[in-house]
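K.L.:
Sharing a structure with you now.
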Amino acid sequence: MKARYLLFFAVLLLSLTGVQSKNSSEDSSKKSIPWGVTDWPPYYILEGGNGGEGKIDLLKKILEKNISEYKFIDVQSDIPKTIELWKQNRNICAGSVLKTPEREKWAYFTALSFIAPHEYLAVVAKKDILPKGDVMSFKELTTRKDLKGVVIHDRSYGPVIDDLIKKAESNLTALNPSEGYMPLLKMVQRGRFDYTIEYESVVKAYNERIKPEKPVHSKLLKETSPSAVIWVACTKNAWGRNVISRIDEVLKKNAGKSDYHAAVESWSNPEALKKHQKALDEFYERRAHSWSTINVE
């Protein structure tokens, strides 16, 4: 009897080894997609109870599910670092990109997600910096000589704010921390700078993270836009063209599916979604067709 059990376990072990070897061989045969991630909840959530459940994380899972011939590999890289890699013709994709003419020189794009409205907050440690009222002007904030502001170098905040940042370079410091975007909120919280700007959902996630420390304060900027498309972008070479073409195809087929809608709308204010439902529906309708920069040279 004992010999029979030993024979059974030996056969089982050989069987499992064969399966593992086959899976390993299949996995190694897949082409790789280096995928830039950074500590930026709720877009990328790298750890904790909600790890892997950020907005872009959920959208990547849909891509992984539908692009079986590729293997996605997370690489620590925020957008400024990713841009540098694009310029070096290094293969990498990012899933949280605002499209600009400058970036189109280095990457191919396809529409991934949607923000409505596209709003930023002014973030401060000292509440008395914020004026009365519901909104404040970023333009006026950057003209104050008594305040030191900080933004991310090479990050796009949308055309209106990007233009104001260029005009206010003498009053703003542009940094590129190796740890991504969140350190800027900490610099403001600790008093190294007086203000920065960030999405409301990111500020909320930061204040939750640092509890019971004193939170940062914020107020909506009036320089906002009705909506913004968030894009996937990959290096502008033959590899990137193939990857973007494949991603575009998958997103086109999934535009009407509930899991895609759930990912796009995740971590969003339900009232804001309801208010901008028409714009959201128009995005889904447009996303149901090819929507990339591949054929726009």
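K.L.:
In Å², and per residue, what accessible area does region 163-239 have when probed at 1.4 Å with the other protein chains present?
P.N.:
Details: 3870 Å² over 77 residues.
Per residue, region 163-239 has 50 Å² of solvent-accessible surface.
K.L.:
Okay, next question. In nm, give the distance between the simple-model label positions of Lys166 and Asn269, each being 7 Å from the Cα along the Cα-to-Cβ direction.
P.N.:
Going by the 7 Å Cα→Cβ label model, 3.0 nm.
K.L.:
Given the chain reduced to its alpha-carbon atoms as identical point scatterers, what log10 I(q)/I(0) does the Debye formula return at q = 0.10, 0.14 Å⁻¹?
P.N.:
-0.60, -1.08
K.L.:
Ranking request for peptides 208-214, 156-162, 246-252: highest mean number of other beta-carbon atoms within 10 Å first, then the rest in descending order. Please list the in-between numbers first.
P.N.:
Values: 208-214: 10.3, 156-162: 17.6, 246-252: 20.0.
My ranking of the peptides, most packed first, is 246-252, 156-162, 208-214.
K.L.:
I've got another one for you. Above 20 Å lies some portion of the pair distances; for region 32-108, what is it as a whole percent of all C-alpha pairs? Intermediate values should be presented prior to the final figure.
P.N.:
Working: 941 of 2926 pairs.
Roughly 32 percent, rounded to a whole number.
K.L.:
Using amide H atoms built 1.01 Å from N in the peptide plane, name the residues 5+ places from Gly52, or on other chains, whose amide H lies under 5 Å from its own.
P.N.:
Amide H neighbours of Gly52: Ile45, Leu46, Glu47.
K.L.:
Where the accessible area of the chain is counted over protein heavy atoms with a 1.4 Å probe, how much of it, in %, is carbon and sulfur? Walk me through the numbers on the way to the answer.
P.N.:
On the way: 8460 of 15970 Å².
Solvent-exposed carbon and sulfur of the chain make up 53 percent of the total.
K.L.:
I've got another one for you. Sorted from largest to smallest, which semi-axis lengths in Å does the alpha carbon gyration tensor of region 162-297 give for its equivalent ellipsoid, taking the root of 5 times each eigenvalue?
P.N.:
On the way: eigenvalues 212, 90, 49 Å².
Ellipsoid half-lengths, sorted descending, are 33, 21, 16 Å.
K.L.:
Please work out the ratio of the alpha-carbon Rg of region 75-175 to 2.2 N^0.38 Å and round it to two decimals.
P.N.:
On the way: Rg = 15.9 Å, N = 101, 2.2 N^0.38 = 12.7 Å.
With N residues counted in region 75-175, Rg over 2.2 N^0.38 Å equals 1.25.
The values are calculated or read from the model by the stated rules, or taken from the named source; none is laboratory data. None of the values given here were measured: they were computed from a predicted structure. With ideal geometry, Cβ positions are generated from the backbone for all residues, glycine too; neighbour counts draw on all protein chains shown. Note: accessible area is taken over every heavy atom of the protein model, side chains too, but ligands, DNA and RNA are not part of it. Shrake-Rupley method; radii C 1.70, N 1.55, O 1.52, S 1.80 Å.
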